[in-house]
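Working notes, structure below.
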Amino acid sequence: MCGRFTQIQSRDDYLEFLAEEVGKDIAYDPEPIGRYNVAPGTKVLLLNNRDDTLHLDPVVWSYAPGWWDKAPLINARVETAATSRMFKPLWNHCRAIVFADGWFEWKKEGDKKQPYYIYRKDRKPLYFAAIGKQPFDAGDDAEGFLIVTAAAGKGLVDIHDRRPLVFTPSAALTWMDPETTGVQASELAHHVAVSTDEFIWHPVTRSVGNVKNQSPELIRNICY
């Protein structure tokens, strides 16, 4: 699953790596976002395509439609999201991207759970696949969004059996394109996502378990 992640750099940094032309209609903002412990239930900058223009909107990370009588959901499994009653409309028409640098997972070690920070080997930005309730600029009345997850695979499965679905920059743009069909989105999700081989991880302080904590110390490798 994905229950915490970081959104540290400025939005300009994420947009620049995505593609030079995509940020031309988004206001320039070089200030680092500086969120070292992004938690569910908080508003997160969500990149989405409306009317053939990319927008960044603060959207709540959780999803619970009016008929849902359980706790809000934060993740959708790539294996079932495209066909489920709850997520199929979102998959087909309401896709977006979440900027990130890495994410946290907890592994049971002895009688305690040790958090790990997971990120790309080359330290490049991550583009998480997301689905949600449009319009994403609806403010507090919006039902929010979910991060799409996939099986972890290989060494990463030793930390957790699920991981966010991460796209390359070009795949991220295609994922958000309203002209991309649900079937095409599934092809992207299953065949173009960034491989598990591209990620590394290290143990971090248990202080990340407290959502109030926000500092660079949360991603520091505690083995050094």
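Every number here is computed from the coordinates shown, using simple stated rules; none is lab data. Values in this document were obtained by computation on a predicted structure and should not be read as measured data. Note: ideal-geometry Cβ built from the backbone for every residue, glycine included; neighbour counts use all protein chains shown.
Tabulated results
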| quantity | calculated |
| --- | --- |
| Convex hull of Cα atoms in the stretch 158-224, direction-averaged projection (nm²) | 6.8 |
| Options Y36, N49, A82, ranked by Cα towards positive dipole end of the stretch 1-102, top entry (Cβ charges) | A82 |
| Residue among H55, H160, H202 with the largest mean-square fluctuation in a Gaussian network model of the chain, springs linking Cα atoms under 10 Å | H202 |
| The chain - mean residue ellipticity at 222 nm from DSSP helices (-39,500 (n - 2.57) per run, n ≥ 4, rounded to 500) | -4000 deg cm²/dmol |
| Calculated FRET efficiency for the pair S10/E187, C-beta based, R₀ 45 Å, to 0.05 | 0.90 |
| Prolate/oblate/rounded label for the stretch 30-84 (Cα gyration tensor, a/c 1.5) | oblate |
| Dipole of the stretch 4-219 [Lys/Arg +1, Asp/Glu -1 at C-beta], most positive-end residue of A152, Q114, A172 | Q114 |
| Loop-resident sites, the stretch 67-122, for chymotrypsin sites (Phe, Trp or Tyr not before Pro), counting at most 14 other Cβ within 10 Å (DSSP) | W67, W68 |
| GluC sites (Glu not before Pro) within the stretch 1-60: DSSP coil, no more than 14 neighbouring Cβ in 10 Å | E20, E21 |
| Sites matching GluC sites (Glu not before Pro) across the stretch 126-224 that sit in DSSP coil, with at most 10 neighbouring C-beta atoms within 10 Å | E179 |
| Within the stretch 89-224: Cβ-based charge dipole about Cα centre, in debye rounded to nearest 20 (Lys, Arg +1; Asp, Glu -1) | 600 |
| Three-way shape label, the stretch 103-147, alpha-carbon gyration tensor, a/c 1.5 | oblate |
| FRET efficiency, K112 to S195 (Cβ-Cβ, R0 22 Å, nearest 0.05) | 0.10 |
| Prolate/oblate/rounded call for the chain, Cα gyration tensor, a/c under 1.5 rounded | rounded |
